[in-house]
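The values are calculated or read from the model by the stated rules, or taken from the named source; none is laboratory data. Worth saying up front: this structure is predicted, and the values here are computed from it rather than measured. Positions of Cβ are backbone-derived with ideal geometry, glycine not excepted, and every protein chain shown enters the neighbour counts.
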Amino acid sequence: MLSREDWLPLARKLDWDYTYVREDEVFPPVISGHPWLPHTEWKDWEESFKTSYREYVDNQYEKDMAVYAVRDAVGRLENIQKLARPWMNSLKVHAAALPLAEFTGVIGSLRGARFGRDSAWRTMSAFGALDEYRHTQIPLLLFHQLVRWDSQFDWAHKFYHTNNWFAIAARHFFDELTLGQNAIEFAIGTNFVLETGFTNLQFVGLASLARESSDHMFERMVTSIQTDEARHAQIGHPVLAVVMKHDPEYVQYLLDKWFWRSWRLFSILTGLSTDYLTALEQRPYSFKEFMEEWILDQFLRTLDEFGLKKPWYWHIVEDELDIYHHMIYASAYTYRATLWFDFALPSPAERKWLRQKYPKYWDDMDAVWEQVIERWRTVGPGAANELAVHGTALPTFCDLCQLPLSAGTPRKNTANVLVKDGRKYIFCSEPCRWIFLREPERYANHKDLVKRVLSGEAPANLPDLLTEYFRLTPDTWGKDVYHGAYDWLAAKKTSTV
Amino acid sequence: MPIPLYGFLEGDTLGLLVLAQEGDTVLELARKLQEAASLRVAHNDKIDLVYDGKAIDPALTVAQAGLQALDRFDVIWRDKL
């Protein structure tokens, strides 16, 4: 019987010469990706951590059993009900954003499993697809038990099937990155940028937040997913290395594009959870500290390793670390009924902490919160007053990322208008405009929410927009977790200096 | 026909869609935006409406100011330009 060391290299590398079809018919450029190269250029493709199917299944079985064990021990409804209410809403954000996004990763990985240019790449992608299927099923299973208790958890399955504004943005991102992508761009955009650069390390951070919040079920789930990510993310490196030899400018473009697009989405998901939806005494770090220590430094080191430049907009990312997710949170709080989870007003102690962590622009953000708090004081607390502390005008959205026009600072919003081929587009930022202009044929016909309302495709009045288009109900739409009933809010002044 | 415009109020955290009438004055348009953002930004009487990089005479109408559908305008604190 052959030893593992003897048969695994043979099983991993099963490429052959074609006799009755051309190689470019087996791997069409449109779906295998650019640059199209003969297999001789890919034959040395190697993953760092090699595994067999049997080893894969054994490993995954053990990891699944560990998740079940934690669920049975501390993941029951009564355990979840003990969690802090703001944190519960961080769970709802991730419950919705994660599972079906992971399912799009199944499709993208399967494209690599068929159209990746080397057999070892294809084998790794097949494992990656199984990973992503697992990452879909585990959160759906764990959160399903919570639906009967809190119907907002129903959005774990529902979110991507709605036209909720955040679902439109998330779909715009994942449809391009994973569902509709060729094998090379998927490997660089998803495996290298999103997974190596963001999710792999962010899941470590999320697990840490969950542990601090005593949410051991979510901690275990995220940790279990992260170990899969660490394995299949390695597909990106060898793909990138080959493409770098033939078209380094293209690699640089893909990096610049996907880092920006990933930053946009994840600064919201992780930024809100870290700085607002985790109880103050349980925050191990600020979002900015986490990004600087875990994401940005590591990403720059990786770029160096491949001889790539840092993205041209890097200074914008560094500046946005201080403000973007704060702009989004304040905007979303004042439009909370448009989302499927609840929000907490930052207390004076939290605002003091935020001022210490984000001194650059906090004065302007604090003025916004003081105004919101004043409105609660005027109308008084209570569920009946929720909509009196809520925006009524239609918010506006970027024609690239589809997220609210909340970039820049309260003093200077960086939204900019583009007239192209007789149509007007608006972008939240220079990088979003730049990406649009690099591939206008890809993005020009997508309608943001404002254009859908103006064309009559979506209702113009807020109640109909919420219920008919966003598929929310009075039970599920977002509210203040305490309906404005905070002890500190009754006090006349809430100075945070 | 109302004219949909992207309005950005200084001090606010997002842009808002404002529906203007051609006959609205520039001052009325600025007030519409302030009202729409009043949950987040305290009222300020001393404001300018800026379009295409210039402060616009508040007495002009939206049509006279040349504002067209899906243009951006800003309402800023006076004397900032």
Condition met for A:K288 (assigned to a helix (DSSP H, G or I), of a type in the set (D, E, K, R), over 21 Å from A:F198 (Cα atoms) and out of contact with any Cys (no Cβ under 8 Å at 6 or more places or on another chain)): no
Candidates A:A393, A:A407, A:A367 - the one that is within 23 Å of A:Y276 (Cα to Cα), at the interface with another protein chain (Cβ under 7 Å from one of its Cβ atoms) and of a type outside the set (K, R): A:A367
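Check A:N461, A:N416, A:N385 and return the single one that is among the polar types (S, T, N, Q), touching a strand residue (DSSP E or B) at 6+ places or on another chain (Cβ under 6 Å) and within 14 Å of another protein chain (Cβ to nearest Cβ). Break it down into steps so the answer makes sense when it comes.
Values: A:N461 fails: touching a strand residue (DSSP E or B) at 6+ places or on another chain (Cβ under 6 Å); A:N385 fails: touching a strand residue (DSSP E or B) at 6+ places or on another chain (Cβ under 6 Å).
Result: A:N416 is the single residue among A:N461, A:N416, A:N385 that is among the polar types (S, T, N, Q), touching a strand residue (DSSP E or B) at 6+ places or on another chain (Cβ under 6 Å) and within 14 Å of another protein chain (Cβ to nearest Cβ).
Taking region A:339-382 as the region of interest, how many residues are small (G, A, S), under 26 Å from A:L465 (Cα atoms) and surrounded by 16 or more Cβ atoms within 10 Å (Cβ to Cβ)?
At the first step, the residues of region A:339-382 found to be small (G, A, S) are A:344, A:347, A:349, A:367, A:380, A:382.
Next, only the ones that are under 26 Å from A:L465 (Cα atoms) stay: A:344, A:382.
Applying the additional criterion that residues be surrounded by 16 or more Cβ atoms within 10 Å (Cβ to Cβ) yields A:344.
Total satisfying the criteria: 1.
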Residue in region A:434-442 that is of a type in the set (F, W, Y) and more than 16 Å from A:Y335 (Cβ to Cβ) present: yes
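Within region A:23-39, how many residues are charged (D, E, K, R) and either touching a Lys or Arg at 6+ places or on another chain (Cβ under 7 Å) or surrounded by 13 or more Cβ atoms within 10 Å (Cβ to Cβ) (or both)? Lay out the reasoning, then the answer.
Applying the first criterion (charged (D, E, K, R)) to region A:23-39 yields A:23-25.
Now narrow it down to the ones that are either touching a Lys or Arg at 6+ places or on another chain (Cβ under 7 Å) or surrounded by 13 or more Cβ atoms within 10 Å (Cβ to Cβ) (or both): A:23.
Residues in region A:23-39 being charged (D, E, K, R) and either touching a Lys or Arg at 6+ places or on another chain (Cβ under 7 Å) or surrounded by 13 or more Cβ atoms within 10 Å (Cβ to Cβ) (or both): 1 in total.
State yes or no: is A:Y324 closer than 19 Å to A:L269 by Cα, more than 9 Å from chain B (Cβ to nearest Cβ) and hydroxyl-bearing (S, T, Y)?
Yes: the conditions hold for A:Y324.
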Residue among A:D399, A:D464 that alone is out of contact with any Leu (no Cβ under 9 Å at 6 or more places or on another chain) and among the acidic types (D, E): A:D464
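Does A:A393 satisfy being out of contact with any strand residue (DSSP E or B) (no Cβ under 7 Å at 6 or more places or on another chain) and either of a type in the set (G, A, S) or modelled with pLDDT under 95 (or both)? Step through it out loud before you land on a result.
Numbers: out of contact with any strand residue (DSSP E or B) (no Cβ under 7 Å at 6 or more places or on another chain): no; either of a type in the set (G, A, S) or modelled with pLDDT under 95 (or both): yes.
Spelling it out, it is not the case that A:A393 is out of contact with any strand residue (DSSP E or B) (no Cβ under 7 Å at 6 or more places or on another chain) and either of a type in the set (G, A, S) or modelled with pLDDT under 95 (or both).
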Residue check for A:A156: at pLDDT 95 or above, hydrophobic (A, V, I, L, M, F, W, C), under 29 Å from A:A458 (Cα atoms) and surrounded by fewer than 24 Cβ atoms within 10 Å (Cβ to Cβ): no
Residue within region B:16-39 that is within 15 Å of A:T409 (Cα to Cα), within 11 Å of chain A (Cβ to nearest Cβ) and touching a Leu at 6+ places or on another chain (Cβ under 6 Å) present: no
Positions within region B:40-65 being more than 14 Å from chain A (Cβ to nearest Cβ), over 18 Å from B:G11 (Cα atoms) and not basic (K, R), in sequence order: B:I56, B:D57, B:P58, B:A59, B:L60, B:T61, B:V62, B:A63, B:Q64, B:A65
